[in-house]
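Written below as structure tokens is the structure these notes are about.
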Amino acid sequence: MWVLTPAAFAGKLLSVFRQPLSSLWRSLVPLFCWLRATWLLASKRIKQQLVQREPDETKEEEEDPPLSTTPTSVNYHFTRQCNYKCGFCFHTAKTSFVLPLEEAKRGLLLLKEAGMEKINFSGGEPFLHDRGEYLGKLVKFCKAELRLPSVSIVSNGSLIRERWFQNYGEYLDILAVSCDSFDEEVNVLIGRGQGRKNHVENLQKLRTWCRDYRVAFKINSVINRFNVEEDMTEQIKALNPVRWKVFQCLLIEGENCGEDALREAERFVIGDEEFERFLERHKEVSCLVPESNQKMKDSYLILDEYMRFLNCRKGRKDPSKSILDVGVEEAIKFSGFDEKMFLKRGGKYTWSKADLKLDW
């Protein structure tokens, strides 16, 4: 149709100029009206074609809702109480609450049904409550009844006794012991001093028990103002942990900084360049797993003592509703969890001692 338009226009124009001058003006009016109608019709059709080509963004959003988060690896801080006073602690003793054992088991079952594969028990100090019996019963429940691939603990190690390994060691995959320095004076400055007890000597004893009771041994270190210049290469190689997790000291409002905080961790903080220099100094340690503030902040699924997910996206810990009240699927929506960063930082690894194939 539009190919004929120039010819039709020429024909109408020629017929106009063949008329007498007196009727010329009368003929121009319908010609201009015809041109205007033709232009409007063409514009309307072009707009319709463009609209058809543009994607319907609203429709796409409705067709592709955000994927639900699977709690593959969960860190359960079931107690805030601790016998140490680490100056940079980001989960401080704001309450003394601990869930009744059966309620904690119910929550762990909900997590398993939602897809949990690994549970990590932490605190505070997890061996403090009921002298480690509460923790041991949870560990046994998760491995023997829930049959989770991985059950782990993070502890400062000061309250662990060999009897605990005798009773519960077979159900534990990984024991991570916090050690920020191999200089006892630095440990005292940080807040890990225990009078006549030596934190480093205790670490050696725990390493031996892990070997004897077939538990994978791991070390966690928080790099801060007091240990950033230390070289731990020889000691770490001698202890030979399956993983040496190295964290950059992190500030969390309301926990270790801010008006309502029980700690003042600002004096422990180091910059990104200082953290990178520490990592460079220890690049020969094959088991080193570095975690900067950027990697760490949103890549952990953290449950507090009430089994609420803690959202750290705004630099503080904002709790969801408890999974015991609303279920895992609803509570996890407010966790702020960054699953991509979890995978990027190596959060998914060989975490079952059966698969580690260690030379016990």
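The values are calculated or read from the model by the stated rules, or taken from the named source; none is laboratory data. Not measured: the values here are computed from a predicted model. Positions of Cβ are generated from backbone atoms using ideal geometry, with glycine treated the same way; all protein chains shown enter the neighbour counts. Just so you know, the surface numbers come from the protein's heavy atoms only, side chains and all, with ligands and any DNA or RNA stripped out. Shrake-Rupley method; radii C 1.70, N 1.55, O 1.52, S 1.80 Å.
Considering Glu234, Glu253, the condition of being open to solvent by 50 Å² or more (accessible area, probe 1.4 Å) and farther than 27 Å from Asp359 by Cα is satisfied by Glu253 alone.
The residues on offer are Lys344, Lys321, and the sole one that is in contact with a Lys or Arg (Cβ under 9 Å, 6 or more places away or on another chain), open to solvent by 70 Å² or more (accessible area, probe 1.4 Å) and over 20 Å from Leu250 (Cβ atoms) is Lys321.
Of all residues in region 288-317, exactly one satisfies the criterion of being at pLDDT 95 or above, open to solvent by 30 Å² or more (accessible area, probe 1.4 Å) and among the charged types (D, E, K, R), namely Arg308. Scanning region 159-206 for residues that are open to solvent by less than 20 Å² (accessible area, probe 1.4 Å), assigned to a loop (DSSP other than H, G, I, E, B) and within 24 Å of Lys143 (Cβ to Cβ) turns up Ile160, Leu172, Asp173.
Looking across region 303-317 at every residue that is assigned to a strand (DSSP E or B) and among the basic types (Lys, Arg), the one that is farthest from Glu330 (Cα to Cα) is identified as Arg316. Any residue that is open to solvent by 60 Å² or more (accessible area, probe 1.4 Å), touching a residue at least 24 places away in the same chain (Cβ under 8 Å), under 17 Å from Arg308 (Cα atoms) and part of a loop (DSSP other than H, G, I, E, B) - is there at least one of those in region 111-131? No, the conditions are met nowhere in region 111-131. For the residues Asp325, Asp318, Asp338, the requirement of being within 30 Å of Leu109 (Cβ to Cβ), touching a residue at least 24 places away in the same chain (Cβ under 8 Å) and not hydroxyl-bearing (Ser, Thr, Tyr) singles out Asp338. Among the candidates Lys85, Lys105, Lys59, the residue that is modelled with pLDDT under 70, more than 20 Å from the chain's Cα centre (by Cα) and basic (Lys, Arg) is uniquely Lys59.
Taking Phe217, is it over 21 Å from the mean Cα position of the chain (by Cα), assigned to a strand (DSSP E or B), crowded, with 20+ Cβ neighbours inside 10 Å and not acidic (Asp, Glu)? So Phe217 passes the test. Determine which member of the set Asn256, Asn240, Asn224, Asn202 is at positive phi and of a type in the set (S, T, N, Q). Criteria check complete, one pass: Asn240. Applying the set (1) in a helix (DSSP H, G or I); (2) open to solvent by 60 Å² or more (accessible area, probe 1.4 Å); (3) not β-branched (Val, Ile, Thr) to Trp209 leaves exactly one unmet item: (2).
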